[in-house]
Structure formats: structure tokens, C-alpha cells
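Visitor: Let me give you the structure first, and then I'll get to my questions.
Every number in this text was worked out from the coordinates using simple rules, so none of it is lab data. Please read these numbers as outputs of a predicted model, since none were measured by experiment. Using ideal geometry, Cβ is built from the backbone for each residue, glycine included, and neighbour counts are taken over all protein chains shown.
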Ligand SMILES: Cc1ncc(COP(=O)(O)O)c(C=O)c1O
């Protein structure tokens, strides 16, 4: 069931279970104000209904596919467990993410291990659990084989510039990831002698709002597969098509849904490649982005040079995306959703940097000290990229479902930060 949200345009930004009846935002049947009171702010609230619905949209695409959650979007044991219950595995790219997936009891045969610079310890851990390892460079073939890796894919970089922020393009000609077709053929020839080379992988970038680059990547991958069949007498039994689907952050921003994006990518591959192949899909952002809403308490308000500021109790430490990718957001006052907008306000964080701005120009009722500000579509690459700048401890996260909320990541305290000090 879709949200009954009375704020124009917000229904596609907020999680599926969001409601704004009675002038207040609720998620998963719990009032945002109650969440803030019980767990404090800043707080990231995840909607279980949205997480499950997105997972099911992916698992419904192709009977012969494995969907793995790109854990980098937010490595969290509870979310990994929720996705595992929906039949998903995990895409991990460090020892740390692997430990999260194992703690969540994700089955090792459903874990894909990535990384452009895997350490020996990471290769050994992948080997110990017999994970599917994505080989990212020519020199990694020997290192992986020596570490005992048995099953591998080769990462192809088809030279495609996806339409997204430069920092999250991954398949362009000068990318640090993967191998171009010529290099990948050489590496594949070596890999098939040293271990079980099961297939090929491609991932063009993240926060993609058009499917074209991903379709072009499939075409590049198909050319590679045809060459590998002819030149190496090798046919992939697994084809990993990566992730990349974006999330809508402001209304009016066109973002395809799972079927029209990932479904189109899968169909392109199936229509043009007729050998049997198991597909892997690796969505991260599109599984968790819309599910998460960050709640902040408004503090200082002021006018400066014609700009109306409202400062909140978090900022670039819990969400660095505005600084890293010029990300835009559209906040709401969660305790006053029925109030009419009264102007344009800049939402600043509490950090010692003028660039610490979460939202440059938000149309809102005039924020007052103590108001609860909610920023939708902040479930992906926010807490996952959080820092403790200014010795500000990182926020907590909760999962809301069917009228109750459960802590899924506890709030850090200054004591946690001091525990690293040696004096
Ligand atoms: C190899 C790989 N797979 C999957 C993902 C997940 O991408 P997204 O979160 O955009 O779906 C990433 C992230 O960029 C990645 O590097």
C-alpha cells in the first residue's frame, strides 16, 4: 500500500509506510516525534516495508538470478538479516563488510567479494569461506590462486561514462576498477588455468537515473563473452550485472523503478545471450536509500546576508553526500507537516565549516528551535560514510515496522571516541 502523504510530491521521496495525517510524520506506524524522544537525534529511521518491497522487486526479475545487497550502502547486521530472509546475499568489498555479512549469517555461497586492492588477508578470508571473488586486476589472478581462492569472476571495464557524479562512475576508460576487454581476456586466460573462472562482472556506476549506460555495458559485456568463447573456448556460467540504480532525493527528479531499470538490463542480456548463465545483481542504494529518513532537531536559527539559516544537531559528519556529490535533499518539518511553507531556509549542520550545509534551499514553514526536521531518502551512503568530525559521535539507527521501532545500531558516545585515545 502506498503512503497517504499530504505534502505535495513527498510521497515518492518518503518510505512506503510514511504518513502525515494529523500534521505529523509517522514511519512504520510510529510517530517521528516518538522516535526522536525514545532514541534521540540525529537518528536514521529505516522502514522495513520499503526494504522488503525493494528486495522483492529485485528477486522477482529473473528466476535464475541471485540478488546480493551492496553492503557498502549501509553495512548493518539487521538489514543484512532482513535481506537474507528475502533470499538476498551480500556484495562485500572489505574484510569488515565480510564480517558484517557473516554475523548476519548470510550464506557464504551468496557472498560476492569485490575490491580493487584486496589485501592478502582479504583474499585468504574469501578463500576460507569459498566466496566468489571478483578479480579486479591481472596481478590479482596469481595472488588469488595462491591464497586458495577457488571461484572467481573477472571484472570488465567497458569504457562507459555513466551519467552520474564523476566520483561514482566506475566503468570509464581511466577507472581504477576492473580491466578493459583486452586486459580482461589475458587475465581470463590466466585465471582459467589457475582457478575456477566462473564468469564476468560489470558495474558502471551509482545513483544512475538513466538505463542507457547500463544497457551499453551489457552490450560491451556480450562482445567480451563472444570473444572469450571464440578466443579462449570459455563461456561464462555466471554473469554479474552490478548495481547502480539511483534514488529520488527531490521531487520532480525522474528516477526509474527497479523493473524499468534492472528489468531492462536483465532483458537486454537474456535477449542477446543464449548460453545458460546465472545472473547476479548487486543493488545497494536502491534497496535502502528511500527506506531511510534522517531525523534532526532544529537548534539555532538566524538570518545572514539575506539567507535564513536553521541549524540542526548533525550535518556533514552523518551525511557527507552534499559535500561529496553535490547531493540535494528536500526536508520536511516532521512535527508540523500541516503548516504552510513560509520561505526558503538553508539547513546547516553544527560543524566548524561553512560548507557544512545539508540543504541549500528548502521550502518550509519557518523552523523553530526544537522542531524535528526529517530528510527523506537518506538510507544509503550516509551513515555508511559518516565520520566523527569535531568529535561528534555518530547517530543511531532504528528499524520501524508494524507500529514498533527497534534499535539496529546504537548511538556512539564521546566515550567511544575517547576509548581510542592513548595518553
Ligand atoms: C561493484 C559494485 N557493485 C555494486 C555496487 C552498488 O551500487 P549501488 O549502490 O549504486 O546500487 C557498487 C557501488 O558502487 C559497486 O562498486
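Visitor: Which whole-number percentage describes the relative contact order of the chain, with Cα contacts under 8 Å and a sequence gap of 6 or more?
Guide: 20 percent
Visitor: With runs of 4+ DSSP H residues as the only contributors, calculate the mean residue ellipticity of the chain at 222 nm using -39,500 (n - 2.57) per run, divided by the residue total and rounded to the nearest 500.
Guide: -8000 deg cm²/dmol
Visitor: Let me make sure I get this right: for region 1-112, a, b and c are the square roots of the gyration tensor eigenvalues over alpha carbons, sorted descending. Under 1.5 in a/c it's rounded, otherwise prolate if a/b > b/c, else oblate. Which is it?
Guide: Note, shape of region 1-112 comes out oblate.
Visitor: Can you tell me the relative contact order of region 48-288? Whole percent, Cα pairs under 8 Å, sequence separation 6 or more.
Guide: This gives 21 percent for region 48-288.
Visitor: How big is region 50-142 in terms of Cα radius of gyration and Dmax, in angstroms?
Guide: My reading of the Cα-based Rg and Dmax gives 13.3, 42 Å.
Visitor: How do 151-158, 232-239, 309-316 rank on mean C-beta neighbours within 10 Å, highest first?
Guide: Per-residue Cβ counts within 10 Å, averaged per peptide and sorted highest first, yield 151-158, 309-316, 232-239.
Visitor: Given region 265-351, what percent of its DSSP beta bridges are antiparallel, to the nearest 5?
Guide: Approximately 60 percent, going by the DSSP bridge assignments.
Visitor: Only bridges with both residues in the chain count here: give the DSSP antiparallel percent, nearest 5.
Guide: 45 percent
Visitor: Extending each Cα 7 Å along its Cβ direction at residue 410 and residue 384, get the distance between those two points in nm, one decimal.
Guide: 2.5 nm
Visitor: Another question, then. What's the extension gain from residue 309 to residue 142 if we count 0.36 nm per residue and subtract their Cα-Cα distance?
Guide: Taking 0.36 nm per residue and subtracting the Cα distance, the gain is 54.5 nm.
Visitor: Given bins 10 angstrom wide, list per bin the percent of all Cα-Cα distances in region 48-288, short to long.
Guide: Computed distribution, short to long bins: 8, 34, 39, 17, 2, 0.
Visitor: Kirkwood hydrodynamic radius of region 246-329 from all distinct Cα pairs, in Å?
Guide: Every distinct Cα pair counted, the radius reaches 16.7 Å.
Visitor: Sticking with this structure for a sec: Working out 0.36 nm times the residue gap between residue 121 and residue 420, then minus their Cα-Cα distance, what length gain in nm do you get to one decimal?
Guide: Length difference between fully extended and current span is 105.3 nm.
Visitor: Translational D (Stokes-Einstein, µm²/s) of the chain at 10 °C and 1.306 mPa s when Rh comes from the Kirkwood sum over C-alpha pairs?
Guide: 71 µm²/s
Visitor: In addition: Could you rank the peptides 51-57, 264-270 by their average count of other C-beta atoms within 10 Å per residue, with the highest value first?
Guide: Ranked from most to least packed, the peptides come out as 51-57, 264-270.
Visitor: A further question on this structure: Given R₀ = 60 Å, FRET efficiency for residue 21-residue 227 by Cβ-Cβ distance, to 0.05?
Guide: Computed FRET efficiency for residue 21 and residue 227 comes out at 0.55.
Visitor: Can I ask one more? Express in nm, to one decimal, how much length is gained between residue 150 and residue 275 on full extension, taking 0.36 nm for each residue of separation and deducting their alpha carbon distance.
Guide: 42.7 nm is the gain from fully extending residue 150 to residue 275.
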